[in-house]
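Let me begin by presenting the structure, written as structure tokens, before commenting on it.
The numbers here are math on the coordinates, done by the rules we state, and not lab data. None of these values were measured; they are calculated from a predicted model. So basically every Cβ, Gly included, is an ideal-geometry build from the backbone, and we count neighbours across all protein chains shown.
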Amino acid sequence: MRLWGPYKPTPPKKQWRLVIAEHGSRRSVCFNSETEALHFRESLRLQAADFATHSLTTGQAIEEYISEKKRDCVPVSVLTVRERLMRFLPLDTALRHFDEALAQKLYDREVQRITKRKKPVAAATHRATLRTTKEFWRWLVMRKLVKHNPWLHIQPVGRLNHGKPQPTIGQAQKLESYLVAGAQANEGKLALLLQLYCGLRSGEVLALKVRDIEQIVVSGERVVQVCVERGKTKHARRAARLAPRVGELLVEHIKGRPAEQRVFAADREVPPKGAWLHKRLAQICQELGLPTYCPHSLRGLNATIALEGGATMEAIAKVLGHGSVAVTAKHYAKPDSILNASLRRIAEVLSSSSPCVEESLVSEEAAVSAAVRALTPGQLLLLRKVVLQQG
């Protein structure tokens, strides 16, 4: 429906006029005063807006929501949100039909869903879907597209697993040797090698462009570093220096290519999803006779090795692009590596008479404390057992 006016009366006419166009035809409505005409026009506008909101479907609302999120979020995050909502919610259902009973029914169905791998949906997955849906409905309420949030009191269920299973050091060395040997001829192996050495997220690896690979000189030596400009969070921006042989393989891979071309899977119009790396690592694990690990577990392995090598939790959090050491400790570093780092630090303090040790201990105390607080009850029990065994 479209409105024009109100138009001032022309003598000898004395009434104000509104023109209304709907369903392919026009008609005029007359009023004794301009005030009456304006009041009628506003009431029609409100009725039209209420009707549009009343009939708005979930699918239409999701598209509006995604259009707004594109202005503030990175593309991969927007894509994830859209896929979650589109898969989870009935798209043709009008928003006005949602109540708490329907919301609970949909979440229960998601909890019981079986994936393509013939396994129940992980608690982390359906909890993330519920969290995203609640955020979407808060936006609907804020935009006055709905009056209430039926998801507000829906409680997440299931026990979360903290961290992915990680390869042992021996398995990691076997994997590294295999990746190095085949990286020159296989870009998938090179991408996984980069993830193993730098602890990058899969999305960060696959979004890299040629210009993000820099060659710099440090103390007279040429060093290759990978610059991550954007990522999952504001802390993702960082530059990671590579081991010499990995740097050489990467430089050779991008040699002569345009600066704006993607480093990996450049033949595709858009960056591939994480499954691109996941499938390749699963196949490699099978070839090596290793348990099947996911690419994200290589980030945890990176943290564990760094911690065992003497790096502080704060430094590891920065390498992984985390804003908190608690996240690193809870989801990435193995409990025994945290324990060993603490015991090693204690040994350094006890065996040193240098006054600077006490000063550095103060700066690390907060990181160790946060790491311990982040442990689950099961991890704390394991930590206690190891302490008793070594004490």
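Quick notes
- Cα→Cβ-extended label distance, 7 Å offset, between Ala21 and Ile216, nm: 6.1
- The peptide list 192-202, 26-36, put in order of mean Cβ contacts within 10 Å with the highest first, becomes 192-202, 26-36.
- The modelled label-to-label distance for the pair Val121/Ile169, using points 7 Å beyond Cα in the direction of Cβ, is 4.1 nm.
- Couplings 3J(HN,Hα) of the range 282-296, computed from phi: 4, 5, 5, 4, 5, 5, 8, x, 9, x, 6, 10, 9, x, 5 Hz, in residue order, whole Hz [Karplus 6.51 cos²θ - 1.76 cosθ + 1.60, θ = phi - 60°; x for Gly and Pro].
- Cα centroid separation, the range 80-153 to the range 273-289 (Å): 31
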